Amino acid sequence: MLNFKSIIASKINEVLDLEEKIENNIEVPPNRELGDYAFPCFSLSKILRKSPNLIAEELKEKIDLSDGYISKVINEGGYLNFFINKELMSKNVLEEIGDKKEEYGSSDIGNGKNVIVEYSSPNIAKPFHIGHLRTTVIGNALYNIYKFLGYNVTGINHLGDYGTQFGKMIEGYKRWGLEYDLDENPIDKLMDIYVRINNLCKEDEVVLEKCRDNFKKLEDGDKECVELWNKFKDLSLKEFQRIYDILGVKFDSLAGEAFYSDKIENVCNILESKGVVKESEGAKIIDLEDKGLGVCMIKKANGSTIYATRDLAAIKYRADTYDFDKCLYVVAYEQNLHFKQIFEVAKYLDIPEKCVNGLTHVSYGMTRLTTGKMSTREGTVVKVDELLKEAIDRVKKIIEEKNPEMENKEEEAKKIGIGAVIFNNLCTTLIKDQVFDWNTVLNFNGETGPYIQYIFVRTKSVLEKANYIPKYNEKYISLLKDKESMQVIELLYNFPDVVKSSAEKNETSILTRFLLDLAKAYSNFYNENKIITDDKELTDSRLYLTYLVGIVLKSGAKLLGIEMPDKM
Ligand code: ARG
């Protein structure tokens with residue numbers, strides 16, 4: 001693939017001969033009339049002791065354009081703006097995508113590098129809530145994106161399957177388990193048992209003591225306690241699995257918190273040996289006040305470990321087992337402090353520096369529901385499986401109204417409904433809170449998943465109607481020169497870069513934005529240009545471009561975890 005950014009960077013390097021990383025500073029100007037790429041000279045001003053404007057002016061004169069990649073360079077107030085050779089770009093796009101098809105945009109930049117993506121991580125015997133839905137789809141998308149870029153990726157579901165609450169669950173179940181039929185809605189019933197036993201504990205110290213004892217027994221491997229714990233875990237996993245199946249999400253490992261219970265002592269010993277552990281009211285803590293991060297507790301006064309300690313053990317284990325270059329934690333921003341703390345403590349765990357530096361919290365915002373029977377204002381917990389079912393049902397209704405003759409209604413409604421929910425979770429800048437509103441999420445003409453699917457289906461039907469068999473011809477380059485075609489081609493050219501920045505920034509909204517832009521650009525192209533014309537070559541060139549757009553829309557959506565319908 002012709003990479004104009006690096007071509008430009010090397011041209012600047014030829015002239016400047018600085019150690020600076022030029023390529024990372026090259027931008028796409030907001031106003032494309034001013035150039036296709038811009039190099040801001042402001043940061044060089046200090047090094048070269050000249051005004052940015054003068055630097056740009058001098059560079060402009062010295063840059064070699066003789067090889068024909070760049071057609072023009074101008075200075076715009078300290079920005080060096082480049083106009084690329086559009087014909088070369090077109091040629092490259094038309095040939096590459098035709099050649100690589102769904103592999104277009106993939107890369108080997110990740111070869112030899114290990115990435116862990118930790119996502120979903122719901123809690124056993126507790127509901128899978130709408131926040132868990134968001135981490136599940138974000139993590140899945142990041143997983144796919146990193147894979148596409150050649151990284152060796154491991155997806156981990158860090159199940160919340162440990163902690164003192166299980167001592168209570170066990171006690172509650174021993175008392176009232178037989179009253180409940182756990183074949184149906186087991187999580188609701190386990191929650192019910194949990195609430196009951198919790199209330200009892202508040203009244204009765206002796207019961208609370210029994211619960212604590214159960215947890216201790218569980219830790220020591222007592223047969224009955226372990227069996228019950230496994231039962232809760234199996235029942236919950238079966239429920240979660242239904243959601244994963246609908247979403248098409250998989251994991252390489254289900255090592256949850258309990259998995260680390262026998263690895264914690266070692267981690268505590270390492271920390272003790274570094275002399276960073278202090279005692280405070282019987283508990284063991286690490287003081288991070290000087291870094292503005294408060295105190296990280298690693299052991300309670302009664303000797304039992306906590307959430308943070310299990311996370312530290314997980315970091316150590318993952319570093320030793322996977323030798324990761326990056327470990328992403330897709331977890332809501334409520335846990336920002338927690339991750340800052342454990343990443344700080346990780347420096348003492350005797351793991352390679354690259355692992356410490358690779359620890360990354362991919363923090364995301366809350367989802368608020370506005371309409372429908374699952375409005376949060378009504379105070380009900382949003383059940384994710386019901387929400388997904390509702391998405392499918394709503395789409396089915398739309399199909400019944402608009403296109404009752406459609407084949408495979410059930411299948412298609414699922415792709416559209418689930419695609420809509422997934423897209424909605426990925427398209428807001430991740431750190432921002434988002435609103436979930438059915439009318440927006442399912443708007444076929446909005447900035448939504450269904451809109452992208454709709455444009456994809458249009459490309460498909462255009463090609464089908466024309467009985468099109470893809471074939472490239474160099475003449476297409478000059479036939480696709482109008483503004484609308486060029487806009488599509490430019491976007492297609494950017495796709496590999498978009499995938500890369502989505503990974504660099506761990507930000508799925510870069511890819512969703514791109515897909516929306518591409519869908520809109522194709523829609524303009526389609527409205528402005530008659531595709532079937534009297535001129536066979538012109539018709540073929542437009543069909544060919546249509547074909548390429550279909551490929552990229554589909555593979556971009558696939559990275560997000562969204563399937564394309566055949567009809568809409
Ligand atoms: N189980 C936790 C929750 O539902 C999320 C776990 C996040 N991952 C971690 N390594 N701490 O809130």
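Among the residues making up region 113-133, a single one is under 23 Å from G449 (Cα atoms), touching a strand residue (DSSP E or B) at 6+ places or on another chain (Cβ under 6 Å) and buried (at least 23 other Cβ atoms within 10 Å of the Cβ): Y119. Quick check on region 300-352: of everything there that is within 10 Å of the ligand (Cβ to nearest atom), of a type in the set (F, W, Y) and outside any strand (DSSP E or B), which residue is nearest to the chain's Cα centre (by Cα)? By that ranking, first place goes to F339. For V115, the conditions (1) more than 19 Å from Y244 (Cα to Cα); (2) within 16 Å of the ligand (Cβ to nearest atom); (3) out of contact with any Phe, Trp or Tyr (no Cβ under 6 Å at 6 or more places or on another chain) are fulfilled apart from (3).
Scanning for something within 15 Å of the ligand (Cβ to nearest atom), small (G, A, S) and modelled with pLDDT under 95, does region 128-145 turn up at least one residue? Taking every residue of region 128-145 in turn, at least one turns out to be within 15 Å of the ligand (Cβ to nearest atom), small (G, A, S) and modelled with pLDDT under 95. Checked against (1) within 15 Å of the ligand (Cβ to nearest atom); (2) of a type in the set (A, V, I, L, M); (3) in a loop (DSSP other than H, G, I, E, B); (4) modelled with pLDDT of 95 or more, A125 passes all but a single condition, namely (4). Here V226 fulfils each of the conditions (1) aliphatic (A, V, I, L, M); (2) loosely packed, with under 15 Cβ neighbours inside 10 Å; (3) under 21 Å from L159 (Cβ atoms) apart from (2).
With respect to G78, is the statement that it is away from the ligand (no atom under 16 Å from the Cβ), closer than 30 Å to S45 by Cβ and small (G, A, S) true?
In short, yes.
Taking region 157-192 as the range and being of a type in the set (F, W, Y) and within 13 Å of the ligand (Cβ to nearest atom) as the test, only Y162 passes. Checking each residue in region 46-56 for being surrounded by fewer than 17 Cβ atoms within 10 Å (Cβ to Cβ) and at pLDDT 90 or above picks out R49, K50, S51, N53, L54.
Yes/no matrix, rows are residues, columns are (1) without any contact (Cβ under 8 Å) to a residue 24 or more places away in the chain; (2) touching a helix residue (DSSP H, G or I) at 6+ places or on another chain (Cβ under 8 Å); (3) farther than 28 Å from E504 by Cβ; (4) in a helix (DSSP H, G or I):
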site: E407; (1), (2), (3), (4): no, no, yes, no
site: E412; (1), (2), (3), (4): no, yes, yes, yes
site: T440; (1), (2), (3), (4): yes, yes, yes, yes
site: N445; (1), (2), (3), (4): yes, yes, yes, no
site: Q453; (1), (2), (3), (4): no, yes, no, yes
site: T459; (1), (2), (3), (4): no, yes, yes, yes
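Any chance you could count how many residues in region 464-473 are in contact with a helix residue (DSSP H, G or I) (Cβ under 6 Å, 6 or more places away or on another chain) and either under 15 Å from G417 (Cα atoms) or part of a helix (DSSP H, G or I) (or both)?
The qualifying residues number 0.
The residues in region 262-299 that are buried (at least 17 other Cβ atoms within 10 Å of the Cβ), assigned to a strand (DSSP E or B) and aliphatic (A, V, I, L, M) can be counted, and the count is 5.
Filtered by the rule that a residue be crowded, with 18+ Cβ neighbours inside 10 Å and closer than 11 Å to E76 by Cβ, region 28-39 gives G35, A38, F39. Exactly one residue out of T508, T539, T546 is in contact with a Cys (Cβ under 8 Å, 6 or more places away or on another chain), of a type outside the set (D, E, K, R) and modelled with pLDDT of 95 or more, and it is T508.
Going by what's in this entry, would Y146 be described as in contact with a strand residue (DSSP E or B) (Cβ under 7 Å, 6 or more places away or on another chain), assigned to a helix (DSSP H, G or I) and either of a type in the set (G, A, S) or surrounded by 17 or more Cβ atoms within 10 Å (Cβ to Cβ) (or both)? Answer is yes for this residue.
Restricted to region 476-563, the set of helices (runs of 4 or more DSSP H) holding at least 1 residues that are closer than 30 Å to V362 by Cα comprises 483-504, 509-528, 536-560. Considering only residues in region 289-299 that are aliphatic (A, V, I, L, M) and without any contact (Cβ under 8 Å) to a residue 24 or more places away in the chain, the one that is nearest to the ligand (Cβ to nearest atom) turns out to be M297. Restricting attention to region 353-368 and to residues that are closer than 30 Å to F436 by Cα and not in a strand (DSSP E or B), the residue that is nearest to the ligand (Cβ to nearest atom) turns out to be M366.
Would you point out the residue of region 64-102, among those that are more than 16 Å from N31 (Cα to Cα) and of a type in the set (G, A, S), that is surrounded by the fewest Cβ atoms within 10 Å (Cβ to Cβ)? Here the answer is S66.
The values are calculated or read from the model by the stated rules, or taken from the named source; none is laboratory data. The shown structure was predicted, so the numbers you read here are calculated from the model rather than taken from an experiment. Reconstructed Cβ throughout: ideal geometry from the backbone, glycine too, with neighbour counts over all protein chains shown.
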